[in-house]
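The values are calculated or read from the model by the stated rules, or taken from the named source; none is laboratory data. Being a predicted model, the structure only gives us computed values, none of them experimental. Cβ: placed from backbone, ideal geometry, glycine included. Neighbour counts: every protein chain shown. Surface areas here come from the heavy atoms of the whole protein model, side chains and all, with no ligands, DNA or RNA. Shrake-Rupley method; radii C 1.70, N 1.55, O 1.52, S 1.80 Å.
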Amino acid sequence: MGIYEELVARGLIAQVTNEDEIREMINNGKATFYIGFDCTADSLTAGHFMALTLMKRLQMAGNKPIALIGGGTTMIGDPSGRTDMRKMLTKEDIDHNAACFKRQMERFIDFGEGKAIMLNNADWLLKLNYVDLLREVGACFSVNNMLRAECYKQRMEKGLSFLEFNYMIMQSYDFYYMFQHNGCNMQFGGNDQWSNMLGGTELIRRKLGKDAHAMTITLLTDSQGNKMGKTAGNAVWLDPNKTSPFEFYQYWRNVDDADVLKCIRMLTFLPLEQIDQMADWEGAKLNEAKDILAYELTKLVHGQDEAEKARQAARALFGGGANAQDMPTTELTGDDLGSGEINVLNLLVRCGLCASKGEARRLVQQGGITVGDKKVDSIDASFGCQEFTGDGLIIRKGKKVFHRAVLI
């Protein structure tokens, strides 16, 4: 089985420009491909995870990845999949985020001489003269076609700014530039990027008279069609300081039964033959599959030691046991317990388990909070200094979210 056939079998490929040519290129290690990452935060998320693993798979098959940091395009903001305009970031914020991305990518991709390379589109986009750009590529884009593009549809309902309207041209120019300067002959991206990617292949064809290729990755969605990679409305980050290895492990351990095998197939590097043997697993065996998924992905992102710690901490908790040193922890100070105790609502907000006291109140009233081994049944419940001794106070939100509070 070639790498193209494996990607198909794993359910990763959504759309391609020319299946026969792309199959031949990547199966024979002839692709120099890029995936772009706009620097909208100081960490990559679980939403980027599939792109990173795809780069790794293709590199292992002999192809050359280009990780393109969007230092320039981030200054405009991708309207794809958005109903509102993205927050405008400063150049300093973007540069900082780009440096954070680079450190995280190096865990997945082998960079170096003759291997993968990392580029930043700020190096060419920020030097462009607007009139020169219009003369060079403006005639290659039909406004009518652009307005029909999927990536603009949601924004059109509330008003598409001219700033965002330029994003397709910028992304297309990236492909055009790297085709000429880096031998980049293929672009990969999420399925919501298809229109932007076709803009690049068409620009190369019209300006250079040559063929370039594009392939989109299936978006990772749950059985209800929602994008995966968020928990309680917040992103699942790859930075351990933003989402701890334990929280990362728990996110994947708690995926719906209907999604576990799809996630294992699309995200892990386990052999397809091994995954196929899990197809009829049910009950306890399905929980074992979730444990395998969580362990494999935590190992990829945070290393084997952290994956082992997260697995043991989870098993200790669900087994009624032991040490909780590796679960997410909030350190409280004397100021938090001003009069010698802290109210449950303040505790939940302080630990980041609820965004507000109103949310915390509703959760307690619905019976969704357990502290120690007792369900909290009153919004007036408080906890004194003595209850934070030893391993600290163990808080459970719902059935699956655990947190520890300690007093320092």
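Points worth noting:
- Projecting label points 7 angstrom from Cα along Cα→Cβ for residue 6 and residue 107 puts them 2.2 nm apart.
- A Cβ-based charge dipole, computed about the Cα centre of the chain with Lys and Arg at +1 and Asp and Glu at -1, lands at about 560 debye.
- Per residue, the chain reaches -12500 deg cm²/dmol at 222 nm when only DSSP H runs of four or more residues are counted, each adding -39500 (n - 2.57).
- Heavy atoms of residue 396: accessible area, 1.4 Å probe, square angstrom to 10: 80 Å²
- Gyration tensor (alpha-carbon) shape descriptor, region 171-249, a/c threshold 1.5: prolate
- To the nearest ten degrees, helix 91-105 and the longest principal axis of the Cα atoms of the chain are 80 degrees apart.
- Phi angles of region 33-43 translate, via the Karplus equation with coefficients 6.51, -1.76, 1.60 and θ = phi - 60°, into HN-Hα couplings of 10, 10, 10, x, 9, 6, 8, 7, 8, 8, 7 Hz per residue; Gly and Pro are given as x.
- Potential lengthening of the chain between residue 42 and residue 144 amounts to 33.1 nm, from the contour at 0.36 nm per residue minus the alpha-carbon distance.
- GNM remark for the chain: springs join alpha carbons under 10 Å apart, and the peak mean-square fluctuation among 126, 12, 297 falls on 126.
- For region 205-284 versus region 159-191, the gap between their alpha-carbon centres in whole angstrom: 25 Å
- Shape of region 260-408, Cα gyration tensor, a/c cut at 1.5: prolate
- Only protein heavy atoms count here; under a 1.4 Å probe, residue 288 has an accessible surface of about 80 Å².
- Region 374-408 and region 1-67 have Cα centres spaced 44 Å apart.
- Extension gain, residue 129 to residue 343, is 71.2 nm, computed as 0.36 nm per intervening residue step minus the present C-alpha separation.
- With an a/c value of 1.5 or above and a/b not larger than b/c for the gyration tensor axes a ≥ b ≥ c computed over the alpha-carbon atoms, region 267-319 is described as oblate.
- Sulfur and carbon atoms: percent of accessible area, the chain [1.4 Å]: 47 percent
- For the chain, the per residue solvent-accessible surface stands at 47 Å², with DNA, RNA and ligands left out and a 1.4 Å probe.
- Segment residue 380-residue 276, extension gain: residue separation times 0.36 nm, minus the distance between their alpha carbons: 32.3 nm
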